[in-house]
Amino acid sequence: MSPGPPRELMDARAVERALARMARELVERNGGVEGMLLIGVHRRGVPLSERLADEIERAEGARPPVGSLDITLYRDDLMAIGPRPVVGETRLPEGGIDGRLVVIVDDVLYTGRTVRAALDELADFGRPARITLCVLVDRGGRELPIHADVVGLTVQATPDERVEVMVPPLDDELGVVAIARAGP
């Protein structure tokens, strides 16, 4: 049985509006841009963090530093990935994370395991003053006691649906869809 057509959750304009709102919320929570770092989780959290930084700069006249985090080696299912996982680059802004507000940016919050891995990796690089989690979509279904502080869209997706965020330059479009997984 093949999956049905994707169910659109957000089109490009809805994503752009959500990112603008999320950027304002991040600035408000931090009392400005001073000391804030945006760290995108590979893969789609990275372009989302760049877009958030653009929105913050547009509104505040100052751009927070942006970095990226590859959590591959921190995953609790590393053995299931295979013998040679593809590891990307972790790139933290100059000055490190000690004493700063670190905003972890990811595309979809589901079980919480990606965020746990991101927290474990960040701990290896220093001690931030505070860590905030910012996700475009919270789809429910947590397996760990983790919640997002700033959310673009909350949706209750069923366990047989996959929520996908599409962002340039990784995809040809900007949007969010839910796709039914193929049945038995």
**Fill in**
Under the helix-only model (-39500 (n - 2.57) for each DSSP H run of 4 or more, divided by the residues of the chain), the mean residue ellipticity at 222 nm, to 500 deg cm²/dmol, is -8500 deg cm²/dmol
**Prompt:** If you take every DSSP beta bridge whose two residues both sit in the chain, what share of them, in percent to the nearest 5, is antiparallel?
**Reply:** 30 percent
**For region 7-180: span of alpha carbons on each principal axis (Å, largest first)** = 42, 38, 30
**Asked** What's the local net charge at Pro6, with K and R +1, D and E -1, over the other residues with C-beta under 15 Å away?
**Response** -4
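FYI, it's all coordinate maths here, none of it is from the lab. None of the values given here were measured: they were computed from a predicted structure. Virtual Cβ from ideal backbone geometry, glycine too; neighbours counted across all protein chains shown.
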